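> Below you'll find the structure I mean.
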Amino acid sequence: MEYTNLYINGEWLDGSSKERFDVINPATEEVLASVASAEIDDANKALDAAEEAFPKWARKTPRERSVILRKAYELMSARLEDFAKIITLENGKAHGDAIGEATYSAEFFRWFSEEAVRANGLISHAPSTGARIIVQHKPIGISLLVTPWNYPAAMGTRKIAPALAAGCPVIIKPASETPLTMLALMPLLEEAGVPKGLVSVLPSKKTGSLVDHILHDPRVRLVSFTGSTEVGRKLLK
């Protein structure tokens with residue numbers, strides 16, 4: 001596998017501790033790749049990069065963000081076989097199912113490229129006073145995205161695409177069983193025009209401490225998690 005390091009600020013890094021963990025092919029139980037394991041220092045680098053990238057991305061017009069997301073859709077749609085192969089190898093899905101997931105994953109970029117220009121506000125009048133009420137939607141800030149093992153592409157793109165469409169930077173913590181698909185997506189986002197620092201991917205074998213640290217950083221304003229109820233309760237707490 002070509003992309004097995006941490007992806008932070010547009011760079012491929014082997015991590016502050018240099019520790020790595022194996023990704024196993026569930027069909028053969030063979031080692032597919034050795035992936036860098038993120039630590040607290042790596043999370044801080046990703047947070048700093050996101051903080052720096054946020055203002056410029058938030059100032060872009062909805063159409064500018066839309067064009068980049070549409071390009072991501074087109075690029076991914078042209079490489080469905082490449083992504084399906086990685087999904088099958090690390091997740092174990094049959095080829096047909098993997099193609100289906102890759103296709104479904106790309107569609108999130110298309111959908112939210114269209115929604116980016118429809119973040120409409122509201123102008124109304126208070127019933128009792130007649131005062132004018134104006135509602136505007138603005139980017140919330142750095143978003144932490146935690147994805148599960150069973151849809152390594154789709155659970156990532158369905159979180160990345162709306163965040164970018166809204167003007168937010170993201171830090172992705174993919175499942176340690178299936179991090180390769182999300183890492184492979186990063187060169188595609190670069191090619192589509194996503195600025196460096198806006199998206200970071202932090203695979204780690206120390207998920208609990210890493211996510212806990214990121215969630216306690218005041219710069220993080222949103223978390224999107226897909227996984228077990230037990231872990232969800234811990235994140236909520």
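The values are calculated or read from the model by the stated rules, or taken from the named source; none is laboratory data. Since this is a predicted model, take the numbers as computed values, not measurements. FYI the Cβ positions are ideal-geometry reconstructions off the backbone, even for glycines, and counts take in every protein chain you see. Heavy atoms of the whole protein, side chains included, go into the accessibility calculation; ligands, DNA and RNA do not. Shrake-Rupley method; radii C 1.70, N 1.55, O 1.52, S 1.80 Å.
> Hey, what's the Kirkwood Rh for region 158-237 if you take every pair of different alpha carbons, in angstrom? Walk me through the numbers on the way to the answer.
Values: mean 1/r = 0.0727 Å⁻¹.
Averaging 1/r across every pair of different Cα atoms and inverting gives 13.8 Å.
> So, one more: To the nearest 10 degrees, how steep is helix 95-115 against the longest Cα principal axis of the chain, on a 0 to 90 scale?
Once rounded, the angle reads 20 degrees.
> For region 99-219, report the convex hull volume of the alpha-carbon atoms normalised per residue, in Å³, without decimals.
Numbers: hull volume 18.0 nm³, N = 121.
Dividing the Cα hull volume of region 99-219 by its residues yields 148 Å³.
> What share of Cα pairs, in percent, lie more than 24 angstrom apart in the chain?
Every Cα pair in the chain considered, those over 24 Å come to 45 percent.
> Rounded to the nearest 10 degrees, what's the angle between the helix 154-166 long axis and the longest principal axis of the chain, both from Cα atoms, 0 to 90?
30 degrees
> Cut-off 10 angstrom, C-alpha nodes, Gaussian network model of the chain. Which of G197, G130, G208 fluctuates the most?
Among G197, G130, G208, the largest GNM mean-square fluctuation belongs to G130.
> How far apart, in nanometres, would the label points at K234 and V31 be if each is projected 7 angstrom from Cα along the Cα-to-Cβ direction?
2.6 nm
> Who wins for biggest fluctuation among H125, H137, H95 in a Gaussian network model of the chain, springs between alpha carbons below 10 Å?
Highest fluctuation among the options: H125.
> Given that compact globular proteins tend to follow 2.2 N^0.38 Å, what is the ratio of the alpha-carbon Rg of region 55-145 to that value?
Working: Rg = 19.3 Å, N = 91, 2.2 N^0.38 = 12.2 Å.
Relative to the 2.2 N^0.38 Å estimate, region 55-145 comes out at 1.58.
> Let me ask something else about it. What angle, in degrees between 0 and 90 and rounded to the nearest 10, separates the Cα long axis of helix 40-59 from the longest principal axis of the Cα atoms of the chain?
For helix 40-59, the angle is close to 40 degrees.
> List the longest stretch of the chain that has no exposed loop site; here a site is one of the GluC sites (Glu not before Pro) assigned by DSSP to anything other than H, G, I, E or B, with at most 13 other Cβ within 10 Å. It would help to have the intermediate numbers written out before the result.
Values: sites that count: E2, E29, E30.
Answer - 31-237.
> Then there's this: Please list M186, M1 from largest to smallest accessible area, probe radius 1.4 Å, with all protein chains kept in place.
On the way: M186 0, M1 95 Å².
So the residues, ranked largest to smallest area, are M1, M186.
> What translational diffusion coefficient, to the nearest whole µm²/s, does region 1-107 have by Stokes-Einstein, given a Kirkwood radius computed over alpha-carbon pairs, a temperature of 10 °C and 1.306 mPa s viscosity?
On the way: Rh = 16.3 Å.
Reported coefficient: 98 µm²/s.
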